[in-house]
């Protein structure tokens, strides 16, 4: 991308003088990626902030030549996704510790990494409020590999080669994951709508 | 109703969400490009403390926000953005440090200063609460015995007074000396809160007392050294010079190292 090319030149030349430009240019997308993967505004802000701090430290340690070769958009996406993954892993670990105390309640676990078919129900409630919230909730029900692929391709708008770079997976795999993710979303959305219609006519 | 791929893609693209306004500021503060600041109550009144992700960058008795922000920008080249309060952990750490706890870690952002200045400040950090050392002592201890004046200047430029206790450095003749944080009266107040009696210290110095020895251990100390303070009055032996102490068979204390001050003076 041309603007990123200009930005990379500036970063290689004077990191402190141009880093704020990088933050302002990429903050909405890093925040959105984290928000749609984690589903929590506060956590998403922390993850995005950590990602920029890591990017700054990395850029400070790179030779100018290495900075100029960066593919900024997928590179930043990789950083924020790694931070999101460790947050999800910590959440799962906390839930595993908390589980014995919660008697036999499986719903607590279900909200952490629910499978698409299990999570249709909570999404119905959200559907009444706002379609956008519905989509966000449905996205959170996707298995993580599909979710990240769909978020990068269609929320963030990366190209397939960029998504493949960001996720370090073959382009074919990434395409399949995006298509499978969208198919699951479609099914879940239509199920939610059907349920809503049934409730209204009942 | 069937959704087309286009509908799905549009729905996903619509999930792009603007970052909260606090995000960019948080990043720039964390990497040390922008500072935050807040008021902090000290024994000498309210102070301004500024910090960023690298550490505390300023402690100042600024009359108002505008003045502080302008001063800070001029000194550091960084913008300072007012915060409601210090981060709780930092406030606790500063309280403990002012209370004499030298173990508590407080990171400092001293970028833009010379190695000499940093050496002076690091050495001042070694002076315990309730004790003082002469300017010459610092100069000798950092291996620059002739740089007494430069030590005074460096202490005057200390961007983080109280945390780096430049108030514990006094003139070689025993008088209290200058203080950057609002003048010598503040220096007296702070030393008094740390358990010293500045008037008595100056009076003793005027009478020629520079060192105190113990006639039981035959060790000679700077007057505020914790070992000197432990000597009971019947065993206290005042000295005007280290030469006099050496002549009487006294060796210098290994903690306060009075010879450092003497070399420079």
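Search region B:80-94 for residues being surrounded by 15 or more Cβ atoms within 10 Å (Cβ to Cβ) and under 17 Å from residue B:160 (Cα atoms), and hand back the single one that is nearest to the chain's Cα centre (by Cα).
Per the stated criteria, the residue is B:94.
Quick check: is even one residue across region A:5-28 away from chain B (no Cβ under 11 Å) and within 20 Å of the chain's Cα centre (by Cα)?
no
Please note which helices (runs of 4 or more DSSP H) are completely contained in region B:176-232 and include at least 2 residues that are over 25 Å from the mean Cα position of the chain (by Cα) and surrounded by fewer than 20 Cβ atoms within 10 Å (Cβ to Cβ).
Result: B:198-206.
Results for (1) at pLDDT 95 or above; (2) over 22 Å from residue A:138 (Cα atoms), shown as yes or no for each residue.
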| position | (1), (2) |
| --- | --- |
| A:4 | no, yes |
| A:22 | yes, yes |
| A:26 | yes, yes |
| A:33 | yes, no |
| A:38 | yes, no |
| A:42 | yes, no |
| A:52 | yes, yes |
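Of everything in region B:38-56 that's more than 14 Å from chain A (Cβ to nearest Cβ) and outside any strand (DSSP E or B), which residue is farthest from residue B:180 (Cα to Cα)?
Per the stated criteria, the residue is B:43.
So residue B:170 ticks every box in (1) modelled with pLDDT of 95 or more; (2) touching a strand residue (DSSP E or B) at 6+ places or on another chain (Cβ under 8 Å) but one. Which box is left unticked?
If we test residue B:170 against (1) modelled with pLDDT of 95 or more; (2) touching a strand residue (DSSP E or B) at 6+ places or on another chain (Cβ under 8 Å), just (1) comes out false.
For region B:40-53, enumerate the residues that are surrounded by 17 or more Cβ atoms within 10 Å (Cβ to Cβ), touching a strand residue (DSSP E or B) at 6+ places or on another chain (Cβ under 8 Å) and either assigned by TED's automatic domain parsing to the domain that holds residue B:155 or free of Cβ contacts under 8 Å to residues at least 60 places away in the same chain (or both).
Once the filter is applied, which keeps residues that are surrounded by 17 or more Cβ atoms within 10 Å (Cβ to Cβ), touching a strand residue (DSSP E or B) at 6+ places or on another chain (Cβ under 8 Å) and either assigned by TED's automatic domain parsing to the domain that holds residue B:155 or free of Cβ contacts under 8 Å to residues at least 60 places away in the same chain (or both), region B:40-53 yields B:40, B:48, B:49, B:50, B:51, B:52.
Do you know which residues across region B:97-115 are surrounded by 15 or more Cβ atoms within 10 Å (Cβ to Cβ) and part of a helix (DSSP H, G or I)?
Correct list: B:97, B:98.
Report whether or not residue A:76 is within 14 Å of chain B (Cβ to nearest Cβ), in contact (Cβ under 8 Å) with a residue 40 or more places away in the chain and farther than 22 Å from residue B:12 by Cα.
For residue A:76, the condition - within 14 Å of chain B (Cβ to nearest Cβ), in contact (Cβ under 8 Å) with a residue 40 or more places away in the chain and farther than 22 Å from residue B:12 by Cα - is not met.
Residues being buried (at least 23 other Cβ atoms within 10 Å of the Cβ), within 11 Å of chain B (Cβ to nearest Cβ) and touching a residue at least 60 places away in the same chain (Cβ under 8 Å): count how many of those fall in region A:148-184.
So the count comes out to 4.
Return a yes/no flag: does region B:232-250 have any residue that is farther than 30 Å from residue B:105 by Cα and in contact with a helix residue (DSSP H, G or I) (Cβ under 7 Å, 6 or more places away or on another chain). Write out each step before concluding.
Narrowing region B:232-250 to residues farther than 30 Å from residue B:105 by Cα: B:232-250.
With the extra rule that they be in contact with a helix residue (DSSP H, G or I) (Cβ under 7 Å, 6 or more places away or on another chain), the set shrinks to B:239, B:242.
Yes, region B:232-250 has at least one match.
Checking residue B:56 against (1) more than 30 Å from residue A:25 (Cβ to Cβ); (2) surrounded by fewer than 19 Cβ atoms within 10 Å (Cβ to Cβ); (3) within 17 Å of the chain's Cα centre (by Cα), which test does it fail?
(2) is the only condition that residue B:56 fails.
If you take the residues of region B:11-34 that are touching a residue at least 12 places away in the same chain (Cβ under 8 Å) and at the interface with chain A (Cβ under 7 Å from one of its Cβ atoms), which of them is farthest from residue A:18 (Cα to Cα)?
So the first thing to find is which residues in region B:11-34 are touching a residue at least 12 places away in the same chain (Cβ under 8 Å), and the list is B:25, B:29-34.
Still in the list and also at the interface with chain A (Cβ under 7 Å from one of its Cβ atoms): B:30-31, B:33.
Working: B:30: 16, B:31: 13, B:33: 11 Å.
Step by step, filter region B:11-34, then rank; the result is B:30.
The values are calculated or read from the model by the stated rules, or taken from the named source; none is laboratory data. As the structure is a computational prediction, the values presented were derived from the model and not from experiment. Ideal geometry is used to build each Cβ from the backbone, glycine not excepted, and the neighbour counts take in all protein chains shown.
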